[in-house]
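The values are calculated or read from the model by the stated rules, or taken from the named source; none is laboratory data. For clarity, every value in this text was computed on a predicted model and none was experimentally measured. Cβ coordinates were reconstructed from backbone atoms using ideal geometry, including for glycine residues, and neighbour counts include every protein chain displayed. SASA here: full protein model, heavy atoms, side chains in, ligands and nucleic acids out. Shrake-Rupley method; radii C 1.70, N 1.55, O 1.52, S 1.80 Å.
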Amino acid sequence: MPNISTIEEGQGLGELKFGLERKQVELILGAPDEKETFSYSEEEEDDMTENWHYDDLELSLSFDEGDDWRLGTISITSSQYLLKGFAPIGLSKEDLETKLEALGIEDLEYEDWSPEESPAHELMASDSLGINFWFDEDKLSEVQWGPLWIDEETILWPEIK
């Protein structure tokens, strides 16, 4: 089993590092249960995204054409993953905020993303961590993160060994 239990801001998930090519990810995790390819916009070229879903791991990975199909976003929905020594999934907004602030992370921003059919869908984000925390009914349901950025156009890819 690969070592993918620790959320590392800006780096990845254990040995799954941002910047890995799809073939490298498949060597680590095997084939995904599902792949979906789509574009966020119809106007731009090089705007395709491919999402891979690993159901048993409660893990989704995203590869963007504009980044040469390298791993650029990781999303988890299971409490088996740890962030700074604790399992964030299932925590309330208040509990997560308390834990993050105790670690010196205070740049938390909130947005309400509640559609009519799913009230209480909220986002807490930290730019310093490059992490989005998604809440449903005040319980953390998903953690989503990517590499850090040098500036608005330049990704700081982690070193891949």
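Could you give every pair whose Cβ atoms fall below 6 Å, whose first residue belongs to region 85-113 and is of a type in the set (Ser, Thr, Tyr), and whose second residue is in a loop (DSSP other than H, G, I, E, B), counting only separations of at least 6 or pairs across chains?
Ser92/Asp138
Out of Lys23, Lys99, which single residue is in contact with a Leu (Cβ under 8 Å, 6 or more places away or on another chain), under 22 Å from Ile4 (Cβ atoms) and either in a helix (DSSP H, G or I) or modelled with pLDDT under 90 (or both)?
Checking each option against the conditions leaves just Lys99.
Restricted to region 30-53, and to residues that are modelled with pLDDT of 95 or more and buried (at least 18 other Cβ atoms within 10 Å of the Cβ), which residue is nearest to Glu159 (Cα to Cα)?
Here the answer is Trp52.
Looking at Glu8 and the list (1) free of Cβ contacts under 8 Å to residues at least 12 places away in the same chain; (2) buried (at least 16 other Cβ atoms within 10 Å of the Cβ); (3) under 19 Å from Leu123 (Cβ atoms), which single condition is not satisfied?
In the conditions (1) free of Cβ contacts under 8 Å to residues at least 12 places away in the same chain; (2) buried (at least 16 other Cβ atoms within 10 Å of the Cβ); (3) under 19 Å from Leu123 (Cβ atoms), Glu8 misses (3) alone.
Among the residues of region 102-130, count how many are part of a loop (DSSP other than H, G, I, E, B) and either open to solvent by 60 Å² or more (accessible area, probe 1.4 Å) or at positive phi (or both). If you could, list the steps in order and put the result at the bottom.
If we filter region 102-130 for residues that are part of a loop (DSSP other than H, G, I, E, B), which is where we start, we get 103-107, 113-120, 127-130.
Within this subset, residues satisfying the condition of being either open to solvent by 60 Å² or more (accessible area, probe 1.4 Å) or at positive phi (or both) are 103-104, 106, 113, 116-117, 119-120, 127-128, 130.
Count: 11.
Going by the structure shown, is Gly72 open to solvent by less than 30 Å² (accessible area, probe 1.4 Å) and closer than 19 Å to Thr6 by Cα? Spell out how you get there, then give the answer.
Numbers: open to solvent by less than 30 Å² (accessible area, probe 1.4 Å): yes; closer than 19 Å to Thr6 by Cα: yes.
Yes; evaluated as a whole, the condition is true for this residue.
Output the residues belonging to region 56-91 that are of a type in the set (Lys, Arg) and assigned to a loop (DSSP other than H, G, I, E, B). It would help to see each step written out before you state the result.
Applying the first criterion (of a type in the set (Lys, Arg)) to region 56-91 yields 70, 84.
Matches in region 56-91: Lys84 only.
Test Gly66 against the criterion of being closer than 17 Å to Leu156 by Cβ and either surrounded by fewer than 18 Cβ atoms within 10 Å (Cβ to Cβ) or basic (Lys, Arg) (or both), and give yes or no.
Here the answer is yes, as Gly66 does meet what is asked.
Could you tell me whether Leu156 is touching a residue at least 12 places away in the same chain (Cβ under 8 Å), open to solvent by 70 Å² or more (accessible area, probe 1.4 Å) and of a type in the set (A, V, I, L, M)? Even if it seems obvious, please write down each step before you answer.
Numbers: touching a residue at least 12 places away in the same chain (Cβ under 8 Å): yes; open to solvent by 70 Å² or more (accessible area, probe 1.4 Å): yes; of a type in the set (A, V, I, L, M): yes.
In short, yes.
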